């Protein structure tokens, strides 16, 4: 009987030790798998981050230059809406920043009390979206869902005023930016035959300034 009891104890101890060893092996296996999966997730996240940064820098490099076309920009002032004839955007990349810079935005008009509106801009590419700040009118714009090549630039732009608007620009040669007076050209400083000084803004009050926004011209 003692021999049988010893044998049973031996068998139970072996089973217990084997089960414990299997559990420890399973734990180590699970930890290794978990660590491996976590490492893969971190590598994938880092890869996406690097790809996003690389994409933004590539877009900024391609965006550099001067673009011309219809942005469907309008300006509202004194109860009237004026439609721009065409716009010129210049993007100058900052050599010390990988996806941002400064530039210029000029809207030309043919039926407004000013010939053009010229503003300095600050821009950056953020997760493929192109964000623009216009200094003279203190307004932010975002360009998204766009197509960009060495010759053409088309997409959708939205600002703080107006509706999202599609545009199409082509790359052109650079004009002489030094020829422009920033703002609504000489409108603030000189009189126009159809506008008396009493109805012309002096530029000191933002509420008196025309509002730049996007709107397609209605059929007459």
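Taking region 116-165, which residues are in contact with a helix residue (DSSP H, G or I) (Cβ under 9 Å, 6 or more places away or on another chain) and under 17 Å from residue 76 (Cα atoms)? Once the filter is applied, which keeps residues that are in contact with a helix residue (DSSP H, G or I) (Cβ under 9 Å, 6 or more places away or on another chain) and under 17 Å from residue 76 (Cα atoms), region 116-165 yields 116, 117, 118, 137, 138. List the strands (runs of 3 or more DSSP E) that sit entirely inside region 54-110 and contain at least 2 residues that are more than 20 Å from the chain's Cα centre (by Cα) and in contact (Cβ under 8 Å) with a residue 40 or more places away in the chain. So the answer is 73-77, 80-93. The residues on offer are 42, 71, and the sole one that is crowded, with 19+ Cβ neighbours inside 10 Å and at pLDDT below 95 is 71. Would you confirm whether any residue within region 53-62 is out of contact with any strand residue (DSSP E or B) (no Cβ under 9 Å at 6 or more places or on another chain), outside the structural domain of residue 137 (by TED's automatic domain parsing) and at pLDDT below 90? Yes, region 53-62 contains a residue that is out of contact with any strand residue (DSSP E or B) (no Cβ under 9 Å at 6 or more places or on another chain), outside the structural domain of residue 137 (by TED's automatic domain parsing) and at pLDDT below 90.
The values are calculated or read from the model by the stated rules, or taken from the named source; none is laboratory data. Not measured: the values here are computed from a predicted model. Counting neighbours? That spans all protein chains shown, and the Cβs are built from the backbone with ideal geometry, glycine included.
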